[in-house]
1. Taking B:D358, is it more than 30 Å from B:A462 (Cβ to Cβ), modelled with pLDDT of 85 or more and part of a helix (DSSP H, G or I)?
2. What number of residues within the range A:18-31 satisfy the criterion of being crowded, with 18+ Cβ neighbours inside 10 Å and basic (K, R)?
3. Looking at B:A353, B:A326, B:A316, can you tell me which residue is at pLDDT 80 or above, at the interface with chain A (Cβ under 10 Å from one of its Cβ atoms) and closer than 23 Å to A:M18 by Cα?
4. Within 60 Å of the chain's Cα centre (by Cα), aliphatic (A, V, I, L, M) and away from chain A (no Cβ under 14 Å): does that describe B:L375?
5. How about the range A:75-87: which of its residues are buried (at least 19 other Cβ atoms within 10 Å of the Cβ) and either part of a helix (DSSP H, G or I) or at pLDDT below 85 (or both)?
6. Go through the range B:370-422 and tell me which strands (runs of 3 or more DSSP E), entirely inside it, have 3 or more residues that are of a type outside the set (G, A, S) and under 24 Å from B:G479 (Cα atoms).
7. Within the range B:289-311, identify whether any single residue is assigned to a strand (DSSP E or B), modelled with pLDDT of 75 or more and either open to solvent by 50 Å² or more (accessible area, probe 1.4 Å) or farther than 21 Å from B:G181 by Cα (or both), and answer yes or no.
8. What is the one condition in (1) of a type in the set (F, W, Y); (2) modelled with pLDDT under 70; (3) in a strand (DSSP E or B) that B:F525 does not satisfy?
Amino acid sequence: MSKKKILLVDDEPALTRMLRLNLEQTGRFEVREENHGSQALRVVREFRPDLVFLDVMMPDIGGDEVAEQLKQDPALSGVRYAFLTAIVTKRETGAGAAEISGETFLAKPVKREELLAVVDELLGA
Amino acid sequence: MSNPSRSEGFSPAPPGSGDADPARAACVLLVDDIPSNLRVLYESLNGHDYRLLVANDGAQALAIAQRARPELVLLDIMMPDMDGFEVCRQLKAHGDTADIAVIFLSALDDAADKIHGLALGAVDYVTKPFHPQEVAARVAAHCKILRLERELGQRNRQLELVQGRILHSMVEGVLGLDAEGRARFVNPAAERLFGLRAEYLLARGLADWEPMRLRESARRVLAEQRELSLDEIALPRPDASTVPVEVRVAPVVDAGDAAGVVVVLRDLSERRRAQAKLDRTADELHRSHRELRAAQLQLMQAAKLESVGRLAAGVAHEVKNPLAIAQLGLDYLEQVAGADDVSCQVLTDMQQALARADTVVHGLLELSREHDLALRPGAINDALHNSLQLVRHELTRRQIGVCISLADDIPERPIDADKLQQAFLNLLINAMHAIARGGTLMIHSSLCALPSHELGPHARDAGFLAGDPVIRIAIEDTGPGIDPGDLDRLFDPYFTTKRQGEGTGLGLSVTHNIVRLHGGSVELFNRAAGGACALVLFPPEAAA
């Protein structure tokens, strides 16, 4: 079984690196990092991930806007999205991820087990 | 009854009729059983501007007097059937005729008779044989006296009327007491003040006046002949109430002797009412001032919270990314690091440090977000119970006993269960931190009337009044209690008495905010038995 592909989009390189390390460590995922929201569209089309993690607040473009544009593309209809945010508090997202207006949100700081649980749920593993 | 016109050819004039008219000529009734005497009398007076009537026996005289009301009767004493004395007695005995002046006519020149006649009320005495001029002069003199008396009487009545009107319409109560202190006069205002009708007041002697100060003042004024004032005395009334009055007692002097006193009573109730109203207005003003000041403080507090909230949101956001990096880095290292004990301990310590930092940041964000509630009908007891569950483990670890009693008659009301749970959690954590090992945490809820001693400043701000129905939550501990110097600052954001790293100083302000958004209040105070009590009050119904 080929590895599922995950793209991590956050303007904080250290954070995408930590996310990547944790995901890769399971040996189940192929992971790429992108630290510019504006580049995300290009990278998605190129990398064809199964799941995209998007930071909601980035300097150039918001994660929600990136997702909105990607969803317009029929070719990318199978891609799943999850949002990382520092604004939503833990209580509002519940123990792990929370669905807010149909989207999956993860509140920072994210713990490894929460991260993996969300990934498994979205990728139907 | 016979008619004077039938008396032996003497019929001088038709008998008069109608009441005495002060403007017309004086009416004189001549009474004698001997016609010749009547004629002499008649001729003596005829032509002197009198209206003359005659009667020749007593009964006839009384009948005419009754009907014509003469001013003057010349009355013969010696008459058959009814003598002049008896006629006079009967005239004087009837109110209608008592004022008629009587001059006796008699052949008798007897001092005893004269005295008898005068004693019966006669004004004069003429002895026979008459001298016409004497008769005319005496009649003229008495008519003049009568006229003057009548005028004087009228003048007096007028004066009395005017005086009466003045006294009657006076706002002040007026009492006239005679030299013995007996009431001789009261006006309607006095009746109103004493709450007694005039006849009761007029029956009073000096000793009957209450209160004592009024009685003693009257006595002193009677004795010393000097005016006296009493600022304010309470006048007792029959219904056991009192009227506040100002009193002036003035002596009434007649030819140098004390004739009595006049007591003037002024009702002060109106002034009192006005004063009370003024006091009330002043009170209201003070209260509004206090409320305004409280509102201002609250506004300042709100402004402070808001700016803190904005700052908190910014800081939280900035801190969360580094926290996330550290968290995931640690999680990664735990997966890959070698299992040596020291490394494991380091990783555990770092995890705990991160968790603490996250709690602080979490608190900051909560503070910045406590503005709206997601209200749903729910049980406050459930929120309380759930928050207790979150600290159960820690309480057990610290060997803290829990004594819980939740009333089952507390109605559901709109609440934000999550936020309330957090509010209670903060209070439970504070209590837990205050309690030493082996202490007790007491949680109590009830639906009751708010006792006045529990009406604290926050409860007052929330609009509670003593006796209001409230949902009352008390979280009490057996810790050392609150330092009195800290009481004022407990609810300030970032104020904490806990060790560095143990508390954010936001717990109480967050709790306060959440409870306040529910229309309730939180108060902290020291228990008489030691330890602190957090008292949370909610109105049973959410405000509209």
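The values are calculated or read from the model by the stated rules, or taken from the named source; none is laboratory data. None of these values were measured; they are calculated from a predicted model. Cβ: placed from backbone, ideal geometry, glycine included. Neighbour counts: every protein chain shown. Side chains included, ligands, DNA and RNA excluded: accessible areas come from the protein's heavy atoms. Shrake-Rupley method; radii C 1.70, N 1.55, O 1.52, S 1.80 Å.
1. In short, no.
2. Residues that pass the stated criteria total 1.
3. B:A326
4. When the stated conditions are applied, B:L375 passes them.
5. Listed by number, the residues that qualify are A:T85, A:A86.
6. Because the criterion is at least 3 residues that are of a type outside the set (G, A, S) and under 24 Å from B:G479 (Cα atoms), the strands (runs of 3 or more DSSP E) in the range B:370-422 that meet it are B:401-406.
7. Among the residues of the range B:289-311, not one is assigned to a strand (DSSP E or B), modelled with pLDDT of 75 or more and either open to solvent by 50 Å² or more (accessible area, probe 1.4 Å) or farther than 21 Å from B:G181 by Cα (or both), which makes the answer no.
8. Failed condition: (2).
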